[in-house]
Amino acid sequence: MTNAASSSEKTPSFEMTWGSSTSSGYCSEEEPDSEFEQYFTARTSFFPKTRKDNVTANVKQDEQIEWGKQELSTADIQQKVKEYNAQINSNLFMNTNKDGSYTGFIKVQFKLARPVSVPPPKKGGHDAGGRKATGVKRRTSFYLPKDASKHLHISSRTSAREVIEVLLKKFTVVDNPGKFALFERSERHDQVYVRKVSDNESPLRLRLCTGPNEKVLSFVLKENETGEVNWHAFSMPELKNFVRMLQREEEEHVKQIVKRYALARARMQEALAGSTPG
């Protein structure tokens with residue numbers, strides 16, 4: 001893991017780690033005098049596939065965690081910061097301030113099921129696919145790698161909502177921050193607990209109270225939803241491209257099914273031709 005550089009509270013520093021290479025995907029057709037988008041996907045399917053570990057894992061939603069409710073005095077904070085720094089093997093230390101606040105680092109993992117949108121490349125530059133940008137208005141959307149993560153240097157006064165906004169800004173994501181939510185994930189007694197962090201909670205306070213162990217507590221950025229996809233939250237160009245992606249995926253699945261049945265039929269006919277009536 002590379003070390004994240006420290007910075008001021010107003011401009012948190014971060015570390016970005018990518019676990020996969022640049023992905024290829026679908027590209028929308030150009031339409032005269034209209035905005036169109038270009039999609040790059042790291043997935044093999046438009047629909048997220050259910051993983052076996054997600055099925056077998058015993059995940060408890062909205063588990064109430066008591067450590068975020070602890071009342072800490074200035075002496076408590078200083079002691080916890082000292083204990084926290086003694087447990088880490090990097091330079092991602094926490095530091096106390098004279099005003100009673102403290103600063104430190106949190107790591108946020110991205111677990112997004114849908115693509116995110118970024119602004120169009122500047123004229124003369126290159127887009128996410130390496131193609132030279134034109135004067136046509138363009139928005140680019142792509143799937144973030146499932147194991148993408150960032151380290152942010154924040155203050156104890158930084159709220160979860162502010163963390164989300166900073167993350168989107170660092171990735172130059174132009175989607176509405178309200179589409180996303182920060183979750184805390186913990187492993188206890190062979191069970192996984194997930195809780196949505198409220199907008200006004202302090203992620204750094206949670207990090208301090210639980211210590212640096214990622215199994216005890218880790219932060220995950222996910223879509224802010226619990227049920228069906230809210231398609232009304234997407235723009236018209238996004239929806240049109242989703243339809244194109246679905247159509248191409250459907251055509252590919254149809255080809256695979258036809259090919260599979262044609263092969264099975266051919267093998268059956270060969271078996272019939274070589275068999276002796278009896």
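The values are calculated or read from the model by the stated rules, or taken from the named source; none is laboratory data. Predicted model only: the values in this text are computed from it and were never measured. Note that each Cβ is placed from the backbone with ideal geometry, even for glycine, and that neighbours are counted across all protein chains shown. Each accessible area value is taken on the protein alone, full model and side chains, heavy atoms only, with ligands, DNA and RNA left out. Shrake-Rupley method; radii C 1.70, N 1.55, O 1.52, S 1.80 Å.
If you take the Cα centroid of region 148-162 and the Cα centroid of region 175-190, the two points sit 13 Å apart. Ordered by solvent-accessible area of protein heavy atoms (1.4 Å probe), largest first, the residues Y193, Y261 come out as Y261, Y193.
If R0 is 41 Å, what FRET efficiency do you get for H232 and S73 from their C-beta distance, rounded to 0.05? Efficiency at R0 = 41 Å is approximately 0.30.
Computed extension length for E165-D147: 4.5 nm, one decimal, from 0.36 nm per residue of separation with the Cα-Cα distance subtracted.
Checking the cross-link pairs K80/K196; K222/K259; K98/K150 against a 31 Å limit on the alpha carbon distance flags K222/K259 as lying beyond it.
Each label point was placed 7 Å from the Cα along the Cα-to-Cβ direction; for A271 and Q247 their separation is 3.9 nm. For region 184-278, trypsin sites (Lys or Arg not before Pro) are listed when DSSP marks them as loop and at most 11 other Cβ atoms sit within 10 Å of their Cβ; the list is K215.
Extension gain, E187 to Q256: 0.36 nm times the residue separation minus the Cα-Cα distance gives 20.8 nm. A Cα-only calculation for region 147-221 places Rg and Dmax at 12.5, 39 Å.
Of the solvent-accessible surface of region 180-259, computed with a 1.4 Å probe over protein heavy atoms with every protein chain present, carbon and sulfur atoms account for 52 percent. Amide hydrogen proximity for T140: with H placed 1.01 Å from N in the peptide plane, the residues at 5 or more positions away or on another chain lying under 5 Å are Q38, V118.
Counting only heavy atoms of the protein chains and using a 1.4 Å probe, D147 has close to 70 Å² of accessible surface.
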